[in-house]
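Below is one structure, written out as structure tokens; comments come after it.
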Amino acid sequence: MDLCPKSSNYLLGIFFSIILSLTRLGECTNTIQYSAITCRKHTAVLTDFGGVGDGKTSNTKAFHSAIANLSQYASDGGAQLIVQPGKWLTGAFNVTSHFTLYLQKDAILLASQDEAEWPVLAPLPSYGRGRDGPGGRFSSFIFGTNLTDVVITGNNGTIDGQGATWWTKFRSGLLKITRPYLIEFLYSDQIQISNLTLINSPSWNVHPTYSSNVLIQWLTILAPVDSPNTDGIDPDSCTNTRIEDCYIVSGDDCIAVKSGWDQYGIKFGVPTRQLIIRRLTCISPDSATIALGSEMSGGIQDVRAEDITAINTQSGVRIKTAIGRGGFVKDVFVRKMNFQTMKYVFWMTGSYGSHPDEGYDPKALPNITQINYNDVVAKNVTYTARLDGIKNDPFTGICISNADITLTEKPKKLQWNCTDIAGVTSNVTTKACDLLPEKKIDCPFPKDTLPIDNIKLQTCSLPSSKLLDL
């Protein structure tokens, strides 16, 4: 009697029956979970509103209809809109409060290249004009203003800005108004943007503006390194923002911290404060890992950056300002930087002189003070530092400690180019300039906790009946 095969098949059948039972149990329960600042009571999918994921059909009306419909649940536990696997072509759309947009794995939002599908907005009040031209600006792809409690997330779904057409128009001088960004929120509170891949933005990728309590996590942001102004993340006149665990390849600054432009930013007067940046990896051969400015006329204060990696990037944490900016950059704390193939490790510029118009005040001088860098390892470096303050307005309180700099095979002879600055250095392997004398010190890093670090994420679920990628 051939008992063994029968016995094996019997046990194998039991095993698959158990697996099938568990799978069916999963289908009857919430099977996909994600972390968010708030979970939602109501759920819909884009196809409920006529969405077609063929990469050709416009879904602009479907998104507008879905979000308008789901906004009625804002006071009843909120709603989440699921974008299933597929290619979903759409123009710009606005989201609503108490709302989650969730992109499943293999879901791709394709930004329309038809300008008619991008509403035109007035310039931001802290800028006075568009960044690309004196007129207004196109709405951002995903946009919201005066909102509360919004989550844009997914299982690493993709937002493709299809920016090549916009880059060509910009380079050819064919645009009279500013190119769109991918994600932007104005005057909003409690915003989460996480677990997504953003590619080929027409211009800046993520632009929280005049907002508070902003959490940005686990983003992969990709653009050709020669693409114009494709900044990764630009917190602008925001309070209490946390950016962490992001990987950015950009044609401009990986992160650019801003607060308005010259007289318009001074008048608007809203600084960026309480900003945390952690575990950032950047590749940007022609720009900065983190830039403070150049539009910083409302002020930048209390920036804390740590565990920062840059590869083949022009500079580390760069301060960009100019006469006419006004405002301030102060209380900046950076530690644990690891750089490979850099033009500059430390760079501060007091002559970054683009202005919105002729009405800026040449007597408006920026105040740059208390800038701290500690624990830096940089290899294959061309210049250690270029630190250019402003005559009669020096940059002060600069502290650089524990910096191990290894130069390229053909480094520049002048490793520290310093003018109109004051501060100290400690334990830096390339000899600093005379304006930064040696002092035995570890540059400080705050020990207190900012409010954004106290946010507790919830574990949220997607109903299996709404999913197609299980």
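Pick out, in residue order, every one of the trypsin sites (Lys or Arg not before Pro) in region 29-95 that is DSSP loop and has at most 11 other C-beta atoms within 10 Å; say none if there are none. Here the sparse-neighbourhood loop sites are LYS41.
The relative contact order of the chain comes to 11 percent, based on Cα pairs under 8 Å that sit 6 or more residues apart. Here the accessible area of region 319-466 is 48 percent carbon and sulfur, with a 1.4 angstrom probe and all protein chains present. For ASP393 and ILE441, the FRET efficiency from 1/(1 + (r/R0)^6), where r spans their Cβ atoms and R0 equals 35 Å, is about 0.90.
Relative to the longest principal axis of the Cα atoms of the chain, helix 60-70 runs at roughly 80 degrees.
With the Cα gyration tensor of region 65-163 giving a ≥ b ≥ c as the square roots of its eigenvalues, does the rule (a/c under 1.5 for rounded; else a/b larger than b/c for prolate; else oblate) give rounded, prolate or oblate? Taking the square roots of the gyration eigenvalues as a ≥ b ≥ c, region 65-163 is oblate. For the chain, DSSP calls about 5 percent of its internal beta bridges antiparallel.
Enter the accessible area per residue of the chain (Å², integer; probe 1.4 Å; all protein chains in place).
On the way: 19110 Å² over 470 residues.
So the chain comes to 41 Å² accessible per residue, rounded to a whole number.
State whether region 273-420 is rounded, prolate or oblate according to the following rule on the C-alpha gyration tensor (a ≥ b ≥ c being the square roots of its eigenvalues): a/c under 1.5 gives rounded; otherwise a/b larger than b/c gives prolate, and the remaining case gives oblate. Prolate shape, in that a/c is at least 1.5 and a/b is the bigger ratio.
Computed from the alpha carbon atoms alone, the convex hull of the chain holds 186 Å³ per residue. Once the GluC sites (Glu not before Pro) in DSSP loops with at most 11 neighbouring Cβ atoms within 10 Å are cut out of the chain, the longest remaining piece is 1-357.
Geometric descriptor of region 364-470, per residue, is 239 Å³ (volume of the convex hull of the Cα atoms). Entry note, the chain: the mean residue ellipticity at 222 nm calculated from DSSP H runs of n ≥ 4, each adding -39500 (n - 2.57), is -3500 deg cm²/dmol after division by the residues and rounding to the nearest 500. Under 1.5 on a/c is rounded, so check that first for region 60-115, then, if it is not, pick prolate when a/b is larger than b/c and oblate when it is not; a ≥ b ≥ c are the square roots of the alpha carbon gyration tensor eigenvalues. Judged from the Cα gyration tensor, region 60-115 comes out oblate (a/c at least 1.5, b/c at or above a/b). By accessible area, using a 1.4 Å probe on protein heavy atoms only, region 202-262 has 54% of its surface on carbon and sulfur. Once the chain from TYR187 to ASN146 is taken as fully extended at 0.36 nm per residue, the excess over their C-alpha distance is 14.3 nm.
Over region 63-122, what relative contact order in percent results from Cα pairs under 8 Å that are six or more residues apart?
Once divided by the residue count of region 63-122, the mean separation gives 35 percent.
With contacts taken as Cα pairs under 8 Å and at least 6 residues apart, region 387-470 reaches a relative contact order of 28 percent.
The values are calculated or read from the model by the stated rules, or taken from the named source; none is laboratory data. Remember, it's a predicted structure, so these values are computed and weren't measured experimentally. So basically every Cβ, Gly included, is an ideal-geometry build from the backbone, and we count neighbours across all protein chains shown. Each accessible area value is taken on the protein alone, full model and side chains, heavy atoms only, with ligands, DNA and RNA left out. Shrake-Rupley method; radii C 1.70, N 1.55, O 1.52, S 1.80 Å.
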